[in-house]
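The values are calculated or read from the model by the stated rules, or taken from the named source; none is laboratory data. Worth saying up front: this structure is predicted, and the values here are computed from it rather than measured. Cβ: placed from backbone, ideal geometry, glycine included. Neighbour counts: every protein chain shown.
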Amino acid sequence: MAEITGTTTSKKMIDHQEHMDKFREILEHNYELIKKKNMKYGNRWRDFGVVGMLLEILKKAGRLKNMTFMDETKSFHGIGHILGSVEEEGSIYDTVQDLANYCMFLQILFVESDPSILRGGIQSNDRSGPQGGMSGQCGPRDNSHGDSV
């Protein structure tokens with residue numbers, strides 16, 4: 001029995017490392033895409049602010065929903081459709097990639113608003129505790145420095 005458990009644990013460790021390697025690969029690909037887009041469009045995303053970025057994320061999420069549930073039956077069209085392209089709006093993968101990048105821009109805005117977020121170290125998304133795991137990061141900004149909100 002111990003051998004099976006050990007093998008399962010080893011398999012999980014290998015899977016975990018493969019997933020982390022793939023995660024890094026995707027992050028690096030997204031980083032290169034953003035560098036190219038920023039050369040073309042600049043930092044216009046900053047003009048949106050936190051609320052504007054949340055709206056952009058919701059808009060992309062709505063587009064993703066519309067692209068995956070394309071007809072009145074609201075049935076999912078399958079993985080082939082996801083990886084293919086929809087001529088009017090680009091592929092669903094492109095939309096997912098944009099959504100991931102918008103979320104990263106939102107994180108940048110949070111960190112710029114409160115740099116201590118990064119100093120707190122890596123934390124899990126555990127929702128337990130008095131404030132559901134959130135430490136006020138999304139609350140109002142401290143305006144003691146006189147900058148506008």
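At a glance:
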{"item": "Long-range neighbours under 7 Å by Cβ, at least six apart or interchain, first residue without any contact (Cβ under 8 Å) to a residue 40 or more places away in the chain within segment 39-61, second part of a helix (DSSP H, G or I) and surrounded by 14 or more Cβ atoms within 10 Å (Cβ to Cβ)", "result": "PHE48/GLU56; ALA61/LEU99"}
{"item": "Residue tally, condition basic (Lys, Arg) and either within 9 Å of the chain's Cα centre (by Cα) or crowded, with 17+ Cβ neighbours inside 10 Å (or both), over segment 90-119", "result": "0"}
{"item": "Residues located in segment 64-100, provided they are more than 20 Å from LEU33 (Cα to Cα), part of a helix (DSSP H, G or I) and either at pLDDT 55 or above or touching an Asp or Glu at 6+ places or on another chain (Cβ under 6 Å) (or both)", "result": "LYS65, ASN66, MET67, THR68"}
